[in-house]
Amino acid sequence: MSAILVTGADLAPQALALLEGFEVVYAGKTPVESDLVALCRAHDPAAIIVRYGKVGAAVMDAAPSLKVISKHGSGTDTIDKAAAQQRGIEVVAAVGANAAAVAEQALALTLACAKSVVGLNERMHAGHWDKATHKSIELGGRTIGLLGLGAIGLRFARMADAMGMRVIGFDPYAKNLPAFVAPVDLETIWRESDVVSLHCPLTEDNRGMLNASTLAQCKRGVIVVNTARGGLIDEPSLLAAVRSGQVFAAGLDSFAVEPMAPGHAFQGEARIVLSPHIGGVTTDAYVNMGVGAATNLLAVLNRH
């Protein structure tokens with residue numbers, strides 16, 4: 001019986017039903033490379049489903065029968081794709097499986113920033129009534145700039161359009177965009193956006209794309225939202241921009257290092273709203289991503 005290694009502690013029952021006939025091996029919630037190498041040596045899996053941790057050359061070399069690495073989600077930056085290609089191993093992703101969940105998280109963070117949801121809640125619980133002194137930001141009529149117009153970016157674009165926002169977007173690979181999304185260059189995103197929201201995969205080309213230079217090109221008081229990958233943002237530059245008022249507020253669901261280390265500079269910063277990379281973590285998305293990952297790896301194995 002061929003084995004499938006899951007770099008996590010579980011998989012949706014609907015996904016497991018598709019993988020009947022395989023031995024499914026779990027690496028646990030926080031697998032490190034040595035764990036994965038040992039499991040690959042012990043079980044020689046035909047496929048790996050990647051949930052947590054990184055899969056690099058050492059893991060691949062420990063599994064001679066490995067044909068496919070399937071991401072439980074859409075972002076494949078934790079998989080060494082060059083190493084996989086050299087070894088003839090296919091890398092596939094469950095693109096769009098968590099689009100609704102992540103787009104909703106982006107909307108939640110945008111609204112939390114614009115409406116000071118977290119700060120006002122804390123003040124109210126402490127017995128304050130700030131009606132006479134507080135003004136929220138109205139998003140209707142404002143411009144939102146989306147970096148990445150894949151399944152998640154376009155879903156969020158629809159939400160922003162429904163709220164009466166002007167939607168502009170940068171994505172060199174996007175085609176057949178809906179009429180309510182105006183494609184623009186990066187300079188226009190920085191210059192014209194009242195809200196900048198990141199929805200692109202992390203590559204070596206765009207690492208740190210939101211940095212001191214690009215933040216300085218933005219409107220003063222811009223809102224920054226990131227539900228994509230933490231590495232897209234230079235974190236010290238964002239912190240400085242929030243503290244100076246160049247950035248009004250930031251809503252972040254992903255970080256350069258995860259889990260976030262205790263004492264991270266973002267902690268305790270009133271105008272940074274934080275969530276622990278759970279944008280894609282809903283009951284529905286868990287099933288969709290598991291089924292997508294299983295379906296994708298079966299399609300590859302069936303060709304071999």
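Summary table below
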read-out: Placed amide H near Lys219: partners under 5 Å, 5+ positions off or other chain; value: Ser193
read-out: ³J(HN,Hα) computed for each position of the range 9-21 - Karplus, 6.51 cos²θ - 1.76 cosθ + 1.60, integer Hz, glycine/proline x; value: 9, 7, 8, 4, x, 5, 6, 4, 4, 6, 9, 4, x
read-out: For Arg229, Arg243, order by how many other beta-carbon atoms lie within 10 Å, fewest first; value: Arg243, Arg229
read-out: Potential lengthening between Arg303 and Ala38 on full extension [0.36 nm per residue; Cα-Cα distance subtracted]; value: 92.7 nm
read-out: Non-local Lys pairs in the range 99-274, i.e. 8 or more apart or on different chains, that have alpha carbons under 20 Å apart; value: 4
read-out: Dipole magnitude (debye, nearest 20) for the range 178-304, charges at Cβ of Lys, Arg, Asp, Glu; value: 80
read-out: Taking N as its residue count, the alpha carbon Rg of the chain over 2.2 N^0.38 Å; value: 1.08
read-out: Ranking of Ile223, Ile272 by count of other Cβ atoms within 10 Å, fewest first; value: Ile272, Ile223
read-out: Estimated distance in nm for a label pair at Val184 and Gln267, the labels positioned 7 Å out from Cα along Cα-to-Cβ; value: 3.7
read-out: Contact order normalised by residue count of the range 99-274, Cα under 8 Å, 6+ apart, percent; value: 21
read-out: Contour minus Cα-Cα distance for Gln217 and Glu138 (0.36 nm per residue); value: 26.2 nm
read-out: Integer Hz, Karplus 6.51/-1.76/1.60 couplings in order for the range 243-257, x for Gly and Pro; value: 5, 7, x, 4, 9, 5, 6, 10, x, 10, 10, 9, 9, 4, 10
read-out: Within a Gaussian network of the chain (alpha carbon springs, distance under 10 Å), most fluctuating of Gly251, Gly208, Gly119; value: Gly119
read-out: Other-chain or far-sequence residues with amide H under 5 Å of Glu23's (modelled H); value: Ser2, Ala3, Ile4
read-out: Integer Hz, Karplus 6.51/-1.76/1.60 couplings in order for the range 164-174, x for Gly and Pro; value: x, 8, 7, 10, 10, x, 10, 6, x, 9, 6
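Each reported figure results from applying straightforward, stated rules to the coordinates on display, with no laboratory input. Since we're looking at a predicted model, the values are computed, not measured. Every residue, glycine among them, receives a Cβ derived from its backbone with ideal geometry; neighbour counts consider all protein chains shown.
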